[in-house]
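Engineer: Sharing a structure here in structure tokens format.
The values are calculated or read from the model by the stated rules, or taken from the named source; none is laboratory data. Source: prediction; values computed, not measured. Every residue, glycine among them, receives a Cβ derived from its backbone with ideal geometry; neighbour counts consider all protein chains shown.
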Amino acid sequence: MGFTERLRPIPLVCAAALEDNVGTLRQFSAKGMSVNAVDEGELSALALAAERCHLECCVHLLQARANADLATIAAGPARVLIQGLSGQVADFDTAAFDEAIESLPPASRAIAERLFEEAIMLQALSQNAAAPERTSPEPAEPEPVVATASSDSNDGVEYEVIHDAVWIRDEPSSKGAKLGIRSRGEIVKMFELDETRDWRRIRTGGANQIAKELCEPAGSGWMLVQHPTLGDLLKPVDGELEADE
């Protein structure tokens, strides 16, 4: 009766990825629908979104725990973004990654930054678990701290990181270069506020390196204390904010 071969219908999540339909992907994820369905060519929704450079779709698929199989991801900005957000940072182009992040709308950019922080922290935990125990380590000599005349006029204020992870940047701006990172529960000694009063200066250097891409220099950097969307990222250990310096 003629040919009996029948094309398999494309999964809805793959269709949404092809159409760059972020809203529909969010709905599917909220309903618990699998985001790892594949089309006839065995390409996942993530691979299809990457092929068409639908970066925002890639972010939301990864947030929904899409499998990031780089063997199926075409070269380009989407692949670099997926590498970073999934913690697969071998041969990682940090400049291209930052460019991809900056091209995202603010809400999706915040999600992407959180996913990257989580990926870096998981990598750190994995590296620490695999590292051999060191016996009788010799204390490192303290590195000199780059500081302004007023930066160390007091002993600083201890803050606790209450977000999953918070970046240290070379200037009090989300566009500043990333110097390092501090994870939830860490205590950080903080100094003066910037002009916006959202950022505080800290001393850097001496922290365990969690990835070769983040070689934290000795000196100083800035951490965002309060995020406009996420709220408080750090809180003072004593529970009260001190008076204006």
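Engineer: So, in region 197-245, how many residues would count as being at pLDDT below 75 and of a type in the set (D, E, K, R)?
Structural biologist: The total comes to 6.
Engineer: Related question: May I ask you to say which residue of SER34, SER126, SER29, SER108 is surrounded by fewer than 20 Cβ atoms within 10 Å (Cβ to Cβ), modelled with pLDDT of 90 or more and at negative phi?
Structural biologist: Going through SER34, SER126, SER29, SER108 in turn, just one is surrounded by fewer than 20 Cβ atoms within 10 Å (Cβ to Cβ), modelled with pLDDT of 90 or more and at negative phi: SER108.
Engineer: Now for a separate question. Under 6 Å between Cβ atoms, which residue pairs at least 6 apart in sequence (or on different chains) link something in region 90-102 that is without any contact (Cβ under 8 Å) to a residue 24 or more places away in the chain with a partner that is part of a helix (DSSP H, G or I) and among the hydrophobic types (A, V, I, L, M, F, W, C)?
Structural biologist: Short answer, once both residue conditions are applied: ASP93/VAL80; ALA96/VAL80; PHE97/VAL80; ILE101/ALA112.
Engineer: Something else about it: Taking the condition in contact with a His (Cβ under 9 Å, 6 or more places away or on another chain) and either within 25 Å of GLY176 (Cα to Cα) or touching a residue at least 40 places away in the same chain (Cβ under 8 Å) (or both), does VAL59 pass?
Structural biologist: For VAL59, the condition - in contact with a His (Cβ under 9 Å, 6 or more places away or on another chain) and either within 25 Å of GLY176 (Cα to Cα) or touching a residue at least 40 places away in the same chain (Cβ under 8 Å) (or both) - is not met.
Engineer: Let me ask you something else. Tell me whether region 179-196 contains one or more residues that are of a type in the set (Val, Ile, Thr), modelled with pLDDT of 55 or more and not in a strand (DSSP E or B).
Structural biologist: As a first pass, look at region 179-196 and keep what is of a type in the set (Val, Ile, Thr): 181, 187-188, 196.
Right, trim to modelled with pLDDT of 55 or more and you get 181, 187-188, 196.
Adding the requirement that they be not in a strand (DSSP E or B) leaves 196.
The answer is yes; a qualifying residue exists.
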